[in-house]
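The values are calculated or read from the model by the stated rules, or taken from the named source; none is laboratory data. Remember, predicted model here, so these are calculated numbers, not experimental data. Cβ: placed from backbone, ideal geometry, glycine included. Neighbour counts: every protein chain shown. For accessibility, only protein heavy atoms count, side chains too; no ligands or nucleic acids. Shrake-Rupley method; radii C 1.70, N 1.55, O 1.52, S 1.80 Å.
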Amino acid sequence: MITITVGTATCGVSAGADKVLETLSSLVQEKGQGKVVLAETGCMGMCYKEVLVEVSNGDGKFLYGDVTPDIAKRIFEEHVLGGRPIEELVILHNYQEGPEEGYLKRQRRIALRNCGFVDPMSIDDYLARDGYKAIEKVLKTMSQDELIEEILSSGLRGRGGAGFPTGMKWRFARQQPGSEKYVICNADEGDPGAFMDRSILEGDPHSVLEGMMIAGYAIGARNGVIYCRAEYPKAIVRLRQAISDATAAGWLDHTFPGTDFSFHIKIKEGAGAFVCGEETALIASIEGRRGTPRPRPPYPAVRGLWGKPTIINNVETFANVPWIVLNGHEAFASVGTPKSKGTKVFAVTGKINRGGLVEVPMGISINEIIYDICGGIKDNKKFKAVQMGGPSGGCIPASMGDTKIDYEEITQTGAIMGSGGMVVMDESTCMVEMARFFLEFTQNESCGKCTSCRIGTLRMLEILERIVEGKGEAGDIDVLLELGNQIKSTAQCGLGQTAANPVLTTLKYFREEYEAHIHNKKCPAHSCALLVNYVIDPEKCTGCTVCAKNCPVNAISGERKKTHFIDQAVCIKCGKCITVCNFDAIYKD
Amino acid sequence: MENTILEPREKEERLPRLNSELWKYCDQPGQLIPLLQAAQETYGYISESAIKHISAVSGVPESEIYGVITFYKQFRLRPLGKYLIRLCDGTACHVNNAKMLKAVVEDELGLSGSDTTEDGLFTLAPVACLGCCSLAPVVMINDMTYGRLTPQKLRTILRKYKKEGQAADSVQSEEAE
């Protein structure tokens, strides 16, 4: 039997996986009945090669990348029917050799162990890979305290950003009196540049359900809620299916023989508010209120959903749990650094050759991720900085690329581990504009409850907007620093306390760029539209007049077949001329 | 303005549908957001009458409902275009020139000042991140996601929707006649 598998997570579908699947499905019906099986799977992490198609037969597993319907047809005819792999298109053979082998070599897959290898809509696939064995083991052989001890000794820390020890959270909730407790899975992944939670939910939803059940047993809860972003429709569909399959198969809503444990999980769709990733705001939102955070303590482990003890863990954290239970805390703790154990999933994006999801052992360096795994910077440009931790994080400059992936080491740079977004920037990215972009995001998402976040971030944003428009004034940097540090120390929740991080870190490492904008009215990265001049290179200009015809303000003059000229006083810097020139003759200065 | 969109007769026909959605959630605590989501799914937006209705059923004061609606980005107090264009301006898309795509959409659809086209076909909604960062820049139209866009590609896609939408509209008006 030959199996063809198509990756149909959101990233695959947006690259055209639906059409590839359609093509293959009609081919299989037409010519492959009885000998070819067509399957779907979640995200393998190699987003840069989507659409991915795997052909698995007696000769092993062949992975094809950048598949179009036409290529799919060729794969079907030549490989599936003809038995001859199309060598030049195979990117990986048995996930070990091939042109893309570097991408997987340094990775260690624990949270993503099933992603890309199981059909997320099939509980049988999950069961075949030790699915629901962990909850079985827990119920048969472990007491609640033994289980919590196991998670504690593994050293697992919250993967949502703050890195609080998971076992500790569970112990607090376990120690609370009362029989009504809750387990919440935080799937409100809102950081721009992070999509690992989505990939896990779309690629391996059962592992999250199982992790939640184990947590439920540990603290004595019978109910779980998954709070998922409404922007992830596919993840929600697959979760629903997984919950109904797990219920039908007797894992959920079912009292296990010999115990009094049963567990129920429901999904709550978010309604679009970034601040709801903060745990107290998330609880308010589940309760049907405005999602504004409240001061802690009391922590949710003491007083959470409906006033009852509640633990809130992130998707990736839950996905790690069944693995730890099955393989033991030693196996997990043997990976990583003294204080950060296990692996972390990163979503690597931006100006990078191989953008996608990577799961690496803690302790690996940023450079190793960027160069060894992700193949370096796009178009051979220079690596400038990497933004970690989304809008709450900061920019780490290329000169500190040896920084190790470790909660404490990253915090020292001024950035944070965060949920694992890693946006790579090259020399053409303006750091001031980047800081403005992130601040605009947080300012937009500020819930408005506390003054320093609501108004402080707005004042900072106004200053940054002036600077990128070339209207910066002496003293602006000092005001930014003062405001940033004040917001950091006075805002009520994590969103506000970290809002200034992107500005503070870029000021720390790229202060000269701010100064160039303010004092010389220049953008060193040639990125800020209002601070660049568009110039025509006389060597390259052929006098075709296309730019002059397209200029909306008639700033370009010149006779046909003679070099043209841009009048800087008239130019509104819209950049249209660059996009229409066929000879690359216009550059930014 | 929102009340003029539905004819009174039409409103009456639709309310029972909303009602059944309401009752499905009504006994659960924390029902307000699912109720609003159901109302929005039925109408495409949350009308004043829907707020009154939900208040009557759930016992939550209208003012509080309004507060919740305005807090979350998902909820709309005005009707939505037939095609919702979610334009991603997340980090990766931003670095890959999402701004240009916004200009393309506005130019192609003739949007200026308003987020919905006059013919009611398109609504443009910039969003923070669609989570397809490695395919940046990305635009989502209704439930379809389009990645690795260039201005030209986006224009072609928009024109396709325009054609489709106008064709469907003319069929509807013929039927009405």
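Values computed for the structure shown
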item	result
Check on residue A:282, under 20 Å from residue A:310 (Cα atoms) and assigned to a loop (DSSP other than H, G, I, E, B)	no
Qualifying residue in segment A:166-184 (condition: of a type outside the set (S, T, N, Q) and within 19 Å of the chain's Cα centre (by Cα))	no
Residue count for segment A:15-45, restricted to those that are open to solvent by less than 40 Å² (accessible area, probe 1.4 Å), more than 15 Å from residue A:74 (Cα to Cα) and not small (Gly, Ala, Ser)	4
Residue count, segment A:484-509 (criterion: open to solvent by 40 Å² or more (accessible area, probe 1.4 Å), assigned to a helix (DSSP H, G or I) and not hydroxyl-bearing (Ser, Thr, Tyr))	5
Unique residue being away from every other protein chain (no Cβ under 14 Å) and within 20 Å of the chain's Cα centre (by Cα) when the list is A:377, A:455, A:410	A:410
Looking only at segment A:379-405, and only at residues there that are of a type in the set (Lys, Arg) and touching an Asp or Glu at 6+ places or on another chain (Cβ under 7 Å), the one that is surrounded by the most Cβ atoms within 10 Å (Cβ to Cβ)	A:384
Residue among B:137, B:126 that is in contact with a strand residue (DSSP E or B) (Cβ under 6 Å, 6 or more places away or on another chain) and within 12 Å of chain A (Cβ to nearest Cβ)	B:126
Whichever residue in segment B:140-157 is facing another protein chain (nearest Cβ under 10 Å) and in a strand (DSSP E or B) and, among such residues, is farthest from residue A:12 (Cα to Cα)	B:140
Selected residue (criterion: farthest from the chain's Cα centre (by Cα)) from residues of segment A:73-109 that are open to solvent by 80 Å² or more (accessible area, probe 1.4 Å) and closer than 21 Å to residue A:361 by Cβ	A:96
Exclusive hit being open to solvent by 10 Å² or more (accessible area, probe 1.4 Å) and either within 27 Å of residue A:270 (Cβ to Cβ) or touching a residue at least 60 places away in the same chain (Cβ under 8 Å) (or both), set A:204, A:197, A:191, A:145	A:191
Scope segment A:266-303; condition open to solvent by less than 40 Å² (accessible area, probe 1.4 Å), without any contact (Cβ under 8 Å) to a residue 60 or more places away in the chain, under 15 Å from residue B:37 (Cβ atoms) and more than 8 Å from chain B (Cβ to nearest Cβ); matching residues	A:267
Test set (1) open to solvent by less than 70 Å² (accessible area, probe 1.4 Å); (2) within 11 Å of chain A (Cβ to nearest Cβ) - residue B:61 fails condition number	(2)
Residue A:48 in a helix (DSSP H, G or I), touching a strand residue (DSSP E or B) at 6+ places or on another chain (Cβ under 7 Å), surrounded by 14 or more Cβ atoms within 10 Å (Cβ to Cβ) and within 14 Å of chain B (Cβ to nearest Cβ)	yes
Answer from A:189, A:149 - the residue that is within 14 Å of chain B (Cβ to nearest Cβ) and not small (Gly, Ala, Ser)	A:189
Residue match in segment A:211-227 (condition: free of Cβ contacts under 8 Å to residues at least 12 places away in the same chain, open to solvent by 10 Å² or more (accessible area, probe 1.4 Å) and either farther than 17 Å from residue A:277 by Cα or not assigned by TED's automatic domain parsing to the domain that holds residue A:167 (or both))	no
Residue B:115 being out of contact with any strand residue (DSSP E or B) (no Cβ under 7 Å at 6 or more places or on another chain), assigned by TED's automatic domain parsing to the domain that holds residue B:157 and more than 30 Å from residue A:352 (Cβ to Cβ)	no
Enumerated helices (runs of 4 or more DSSP H) restricted to segment A:82-151, each holding at least 3 residues that are within 29 Å of residue A:239 (Cβ to Cβ) and of a type outside the set (Lys, Arg)	A:123-128, A:133-141
Test: residue in segment A:230-250 that is of a type in the set (Val, Ile, Thr), open to solvent by 10 Å² or more (accessible area, probe 1.4 Å) and more than 29 Å from the chain's Cα centre (by Cα)	yes
Selection from segment B:69-78 of residues that are at the interface with chain A (Cβ under 9 Å from one of its Cβ atoms) and either touching a helix residue (DSSP H, G or I) at 6+ places or on another chain (Cβ under 6 Å) or open to solvent by 70 Å² or more (accessible area, probe 1.4 Å) (or both)	B:70, B:73, B:75
Which listed residue, of A:272, A:291, A:258, is assigned to a loop (DSSP other than H, G, I, E, B) and farther than 25 Å from residue A:196 by Cα	A:258
